[in-house]
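Peer 1: Dropping the structure in here first, questions after.
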Amino acid sequence: MADTDTTKKAGVAGKAKEAWKEKAAASRQRDVEFTSVSGEEVDLLYAPGDVADLDYDRDLGFPGEYPYTRGVRHNMYRGRLWTMRQFSGFGTPEDSNKRNKFLLEHGQTGLSVAFDLPTIMGYDSDHERAEGEVGVCGVAIDSLRDMETLFDGIPLDKVSTSMTINAPAAVLLAMYICVGEGQGVDSKQLRGTIQNDLLKEYIAQKTWIFPPTPSMRIITDIMQYCATDVPQWNTISVSGYHIREAGSTALQELAFTLADGFAYVEAGIAAGMDVDAFAPRLSFFFNSHLDFFEEVAKFRAARRIWATDMREKYGAKDPRSWLLRFHTQTAGCSLTAPQPFNNVVRTALEALAAVMGGTQSLHTNSMDESLALPSEEAVHVALRTQQVIAHESGVPNVIDPLGGSYYVEALTNRMEEGCRDYFDKIEKLGGVIPAIEKGFFQRDIAKAAFKYQRAIEEGRQVIVGVNKYVDEGEEIKIELLKIGPEAAKRQRRVLGTVRNERDDAAVKSALAGLRAAAEGTDNLMPHFVQCSRVYATEGEMIGVLREIFGEYREPPIYW
Amino acid sequence: MPQRIRVLVAKPGLDGHDRGAKVVASALRDGGMEVIYTGLHQTPEMIVNAAVQEDVDVVAMSILSGAHMTMFPRVLELLKEKGVDDVIVTGLFGPGTDTRDIVTYIREAVAQKRGA
């Protein structure tokens, strides 16, 4: 008892800690920088004095209750484990269909589709800009015919599907709705997510098509349409993942992502929607990097900030609008080409941070992803990593197991404070879109990326197998998946058949309807669905919009 | 005093992975070179036009997607068509490459070319 009292007093006053720190400073210390992966200084020890202002009810509360710092569900993983969702997609729709069935058979519980670059950029496979890219980084989709093949034998009322698609998200969602129609599944039963987060495209991922303003219009059209017609669909996956992969720090990832999220909320309100009509369908997508505690703090702070601002600033009344639900992917940028088996260990640590941070779904990277698309064997190990955490580690038994740690609570507070500072800066620049146009985010991220690269090259940041413990003369012997030119040939063949067999008059009329809606103010979604239904191609639909909305060009900025 | 090395850092293809290109641009600048960064989504034609207009010594292309198999030969072909034979064309190396090695490589390659 006496001991506890002394410790507590000492910590609160901070004096005893200072005195103790002097002793520690006099002791031997390794000659390295004690900073987080993000370059943030961390203290040698955290004590009660570091979280003296923490108020349990106000700042943490119980899981499933405001402000949700400790988790979004009352029962968390005892109720249901996170969804194990491996991102997948390559080559032809037939190849991806086969991979998805393989993953479902091995216990994966949700589908996740990656698209190739021409699909992401709104070009059909026979467009000149598609050359060399068809089926390379994901599956190629040109028309509803490809989408039917991709989901062949997969009942859409039984699975949830996450589609990593942004600028043409409305088109892919429309095609998915049509696949459902063909299977006799009503759009109200469809479950899944489109990424549809254009703000982070301008900030980090850079696969935009249209300028920000029409992009925001398409997004609010989707939110409006889904609120009534596809009510179980997550309309935006507000993404920090790519911001982090582009080289940001953990704090920048958090702050920029939440700022984007709030910008969508403001856009929805400005379009005349009730915030509670669309906010519950917004979800988030974060990165999980190697600095374990920093990541856990980031996830916890994210939930608290979102809940607080949604309730207090935006006046949301439905508790579901306050919940920050998120998918996590382990950090691709933390993986190394040398000694690829080390990547299994890195990914396991990152996955554990995501679970300790209360993620709703998780993708674990495969060990060969720094080199190429993952092989089947590597994907298998990655999925098994999640299953070991879920069933062997005991971690999912207890909610927010790091809650109450002086360190994690102090870091969580620091994340929130840093985030608020960034919100102020963004507001001073006029909001997210003006800040994008001024290059604010892009410059800040480029600066952080360069700093990190320098730290590695100067050996201040150790990367095992890269700048320390290097295996001289290592030959990388890992089975790599390569996509040949067959995918492009197949796409062109199917595209030709579709163009021959479809009803041209119906296509023309549907595209004219889309054009009229884009020129006016009608919701675009029903037009995308109609165009898809009659087998208009993605390139044709996006082509119409390119003519009306124009294309975005960014000022090339580096730091 | 030798003329400063001019480098066009080019980002061809449809993907948006410009982290590497930007890091390299910063490193080359810190290494005393003049850097012109093209920005994203460049076609081989755009790259070659920029290289000619800017009269660069080196074109450094950063490609993360699979398209280097088509982009690279096309840039070389177009340069040849325009009669440009004094520009060094290089890819931007694999993951984990030390940017200081890139600076050294470019310096040596340009010195050799200028010497020749």
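Peer 1: With the requirement that a residue be farther than 21 Å from A:GLN205 by Cα and crowded, with 24+ Cβ neighbours inside 10 Å, what does region A:125-139 give you?
Peer 2: Correct list: A:SER125 only.
Peer 1: Inside region B:3-27, can you point out the residues that are in a helix (DSSP H, G or I) and over 11 Å from the mean Cα position of the chain (by Cα)?
Peer 2: Within region B:3-27, the first condition is being in a helix (DSSP H, G or I), and the residues that meet it are B:19-27.
Selection gives B:ARG19, B:GLY20, B:LYS22, B:VAL23, B:SER26, B:ALA27.
Peer 1: Within region B:34-53, work out how many residues are away from chain A (no Cβ under 13 Å) and either over 22 Å from B:GLY83 (Cα atoms) or in contact with a Leu (Cβ under 6 Å, 6 or more places away or on another chain) (or both).
Peer 2: So the answer is 3.
Peer 1: Still on this model: So for region A:371-390 (the condition being without any contact (Cβ under 8 Å) to a residue 60 or more places away in the chain, part of a helix (DSSP H, G or I) and touching a Pro at 6+ places or on another chain (Cβ under 9 Å)), does at least one residue qualify?
Peer 2: Of region A:371-390, the ones without any contact (Cβ under 8 Å) to a residue 60 or more places away in the chain are A:381, A:384-385, A:388-389.
Filter once more, so that each one left must be part of a helix (DSSP H, G or I): A:381, A:384-385, A:388-389.
Then drop every residue that is not touching a Pro at 6+ places or on another chain (Cβ under 9 Å), which leaves A:389.
Scanning region A:371-390 turns up at least one residue that is without any contact (Cβ under 8 Å) to a residue 60 or more places away in the chain, part of a helix (DSSP H, G or I) and touching a Pro at 6+ places or on another chain (Cβ under 9 Å).
Peer 1: Among the listed residues A:ALA271, A:ALA279, A:ALA255, which satisfies the condition of being small (Gly, Ala, Ser), away from chain B (no Cβ under 14 Å) and more than 28 Å from A:LYS188 (Cβ to Cβ)? Even if it seems obvious, please write down each step before you answer.
Peer 2: On the way: A:ALA271 fails: more than 28 Å from A:LYS188 (Cβ to Cβ); A:ALA279 fails: more than 28 Å from A:LYS188 (Cβ to Cβ).
The conditions single out A:ALA255.
Peer 1: Moving on to the next point. Does A:PRO212 satisfy being over 20 Å from A:LEU111 (Cβ atoms) and surrounded by fewer than 21 Cβ atoms within 10 Å (Cβ to Cβ)? Steps first, answer last, please.
Peer 2: Numbers: over 20 Å from A:LEU111 (Cβ atoms): yes; surrounded by fewer than 21 Cβ atoms within 10 Å (Cβ to Cβ): yes.
Yes, satisfied.
Peer 1: Before we move on, is B:GLY13 within 13 Å of chain A (Cβ to nearest Cβ) and either surrounded by 20 or more Cβ atoms within 10 Å (Cβ to Cβ) or among the polar types (S, T, N, Q) (or both)? Please lay out each step first, then the result.
Peer 2: Details: within 13 Å of chain A (Cβ to nearest Cβ): yes; either surrounded by 20 or more Cβ atoms within 10 Å (Cβ to Cβ) or among the polar types (S, T, N, Q) (or both): yes.
Taking the combined requirement at face value, the residue satisfies it.
Peer 1: While we're on this one: Considering only region A:39-79, how many residues are under 15 Å from A:ALA410 (Cβ atoms) and of a type in the set (S, T, N, Q)?
Peer 2: Residues in region A:39-79 being under 15 Å from A:ALA410 (Cβ atoms) and of a type in the set (S, T, N, Q): 1 in total.
Peer 1: Listed residues A:ALA227, A:ALA174, A:ALA204; which is crowded, with 23+ Cβ neighbours inside 10 Å and over 30 Å from A:PRO555 (Cβ atoms)? Can you show your working first?
Peer 2: On the way: A:ALA227 fails: crowded, with 23+ Cβ neighbours inside 10 Å; A:ALA204 fails: over 30 Å from A:PRO555 (Cβ atoms).
Only one candidate qualifies: A:ALA174.
Peer 1: Residues in region A:242-261: is at least one more than 26 Å from A:VAL381 (Cβ to Cβ), of a type in the set (Asp, Glu) and in contact (Cβ under 8 Å) with a residue 60 or more places away in the chain?
Peer 2: Yes.
Peer 1: Being in a helix (DSSP H, G or I), closer than 30 Å to A:VAL470 by Cβ, of a type in the set (Val, Ile, Thr) and touching a residue at least 12 places away in the same chain (Cβ under 8 Å) is the filter here; which residues of region A:323-358 pass it? Before you say what the answer is, go through the steps one by one.
Peer 2: Taking region A:323-358 as the starting set, the residues that turn out to be in a helix (DSSP H, G or I) are A:332-334, A:342-356.
Right, trim to closer than 30 Å to A:VAL470 by Cβ and you get A:332-334, A:342-354.
After this cut, where a residue has to be of a type in the set (Val, Ile, Thr) as well, the list is A:344-345, A:347.
Scanning region A:323-358 gives A:VAL344, A:THR347.
Peer 1: Can you tell me how many residues in region A:140-160 are touching a residue at least 12 places away in the same chain (Cβ under 8 Å), surrounded by fewer than 23 Cβ atoms within 10 Å (Cβ to Cβ) and not in a helix (DSSP H, G or I)? If you could, list the steps in order and put the result at the bottom.
Peer 2: Restricting attention to region A:140-160, the residues satisfying the condition of being touching a residue at least 12 places away in the same chain (Cβ under 8 Å) are A:140-157, A:159-160.
Remaining after also requiring surrounded by fewer than 23 Cβ atoms within 10 Å (Cβ to Cβ): A:145, A:148-149, A:152-155, A:157, A:159-160.
Adding the requirement that they be not in a helix (DSSP H, G or I) leaves A:152-155, A:157, A:159-160.
Residues in region A:140-160 being touching a residue at least 12 places away in the same chain (Cβ under 8 Å), surrounded by fewer than 23 Cβ atoms within 10 Å (Cβ to Cβ) and not in a helix (DSSP H, G or I): 7 in total.
Peer 1: Please specify each residue of region A:296-333 satisfying the condition of being modelled with pLDDT of 95 or more and within 14 Å of chain B (Cβ to nearest Cβ).
Peer 2: A:ALA331
Peer 1: List the pairs whose first member sits in region A:212-239 and is within 11 Å of A:ASN523 (Cβ to Cβ), whose second member is polar (S, T, N, Q), and whose Cβ atoms are under 8 Å apart, counting only residues at least 6 apart or on separate chains?
Peer 2: From residues that are within 11 Å of A:ASN523 (Cβ to Cβ), the pairs are A:ASP221/A:ASN523; A:ILE222/A:ASN196; A:ILE222/A:THR235; A:MET223/A:THR235; A:GLN224/A:ASN523; A:TYR225/A:ASN523; A:CYS226/A:THR235; A:ASP229/A:SER187.
Peer 1: Say we look at region A:105-124 and pick out the residues that are within 14 Å of another protein chain (Cβ to nearest Cβ) and hydrophobic (A, V, I, L, M, F, W, C); which of these is surrounded by the fewest Cβ atoms within 10 Å (Cβ to Cβ)? Spell out how you get there, then give the answer.
Peer 2: Of all residues in region A:105-124, those within 14 Å of another protein chain (Cβ to nearest Cβ) come to A:114-124.
Restricting the remaining residues to those that are hydrophobic (A, V, I, L, M, F, W, C) gives A:114-115, A:117, A:120-121.
On the way: A:ALA114: 19, A:PHE115: 24, A:LEU117: 25, A:ILE120: 28, A:MET121: 25.
Looking at residues that are within 14 Å of another protein chain (Cβ to nearest Cβ) and hydrophobic (A, V, I, L, M, F, W, C), I get A:ALA114.
Peer 1: Let me ask something additional. Would it be correct to say that A:VAL466 is in contact (Cβ under 8 Å) with a residue 60 or more places away in the chain and either within 14 Å of chain B (Cβ to nearest Cβ) or part of a loop (DSSP other than H, G, I, E, B) (or both)? Let's see the steps before the verdict.
Peer 2: On the way: in contact (Cβ under 8 Å) with a residue 60 or more places away in the chain: yes; either within 14 Å of chain B (Cβ to nearest Cβ) or part of a loop (DSSP other than H, G, I, E, B) (or both): yes.
Yes, satisfied.
Peer 1: Right, here's the next one. Report yes if A:VAL432 is closer than 30 Å to A:ARG145 by Cβ and either in contact with a Gly (Cβ under 8 Å, 6 or more places away or on another chain) or surrounded by 18 or more Cβ atoms within 10 Å (Cβ to Cβ) (or both), otherwise no.
Peer 2: no
Peer 1: Also, I was wondering about something else. Mind listing whichever residues of region A:164-181 are farther than 13 Å from A:ASP146 by Cβ and out of contact with any Gly (no Cβ under 8 Å at 6 or more places or on another chain)? Steps first, please.
Peer 2: Filtering region A:164-181 for residues farther than 13 Å from A:ASP146 by Cβ gives A:164-170, A:173-174, A:177, A:180-181.
Across region A:164-181, the qualifying residues are A:ILE165, A:ASN166, A:ALA169, A:ALA170, A:LEU173, A:ALA174, A:ILE177, A:GLY180, A:GLU181.
Peer 1: If a residue must be of a type in the set (Val, Ile, Thr) and closer than 14 Å to A:GLU245 by Cα, how many such residues does region A:425-461 contain? Lay out the reasoning, then the answer.
Peer 2: Residues of region A:425-461 that are of a type in the set (Val, Ile, Thr), as a first pass: A:426, A:432-433, A:436, A:445, A:456.
Right, trim to closer than 14 Å to A:GLU245 by Cα and you get A:445.
Qualifying residue count, region A:425-461: 1.
Peer 1: Which one is modelled with the lowest pLDDT among residues in region A:364-379 that are within 19 Å of A:ASN287 (Cα to Cα) and small (Gly, Ala, Ser)?
Peer 2: Step by step, filter region A:364-379, then rank; the result is A:SER370.
Peer 1: A follow-up question, please. Would you point out which residue out of A:GLU416, A:GLU427 is at pLDDT 95 or above, more than 29 Å from A:ASN365 (Cα to Cα) and either out of contact with any Cys (no Cβ under 6 Å at 6 or more places or on another chain) or part of a helix (DSSP H, G or I) (or both)? Give the derivation first.
Peer 2: On the way: A:GLU416 fails: more than 29 Å from A:ASN365 (Cα to Cα).
Only one candidate passes the filter, namely A:GLU427.
Peer 1: I'd like the residue in region B:17-33 that is closer than 12 Å to A:PRO556 by Cα and touching a residue at least 40 places away in the same chain (Cβ under 8 Å) and, out of all such residues, is nearest to the other protein chains (Cβ to nearest Cβ).
Peer 2: B:ASP18
Peer 1: Any idea which residue in region B:16-27 is surrounded by the most Cβ atoms within 10 Å (Cβ to Cβ), counting only those that are out of contact with any Leu (no Cβ under 8 Å at 6 or more places or on another chain) and more than 22 Å from B:LEU76 (Cα to Cα)?
Peer 2: First, the residues of region B:16-27 that are out of contact with any Leu (no Cβ under 8 Å at 6 or more places or on another chain): B:19, B:22-23, B:25-27.
The next check asks that each one be more than 22 Å from B:LEU76 (Cα to Cα); those that pass are B:19, B:22-23, B:26-27.
Details: B:ARG19: 24, B:LYS22: 27, B:VAL23: 24, B:SER26: 23, B:ALA27: 20.
Top of the filtered list is B:LYS22.
Peer 1: Looking only at region A:127-153, filter to residues that are acidic (Asp, Glu) and touching a Leu at 6+ places or on another chain (Cβ under 6 Å); which one of those is farthest from the other protein chains (Cβ to nearest Cβ)? Don't jump to the end; show me each part of the working.
Peer 2: Taking region A:127-153 first, the residues acidic (Asp, Glu) are A:128, A:131, A:133, A:142, A:146, A:148, A:152.
Next cut, touching a Leu at 6+ places or on another chain (Cβ under 6 Å) only: A:133, A:142.
On the way: A:GLU133: 5, A:ASP142: 15 Å.
This residue is A:ASP142.
The values are calculated or read from the model by the stated rules, or taken from the named source; none is laboratory data. Predicted, not measured: the structure shown is a model, and the values here were computed from it. For neighbour counting, all protein chains shown are included, and Cβ atoms are generated from backbone atoms with ideal geometry for every residue, glycine included.
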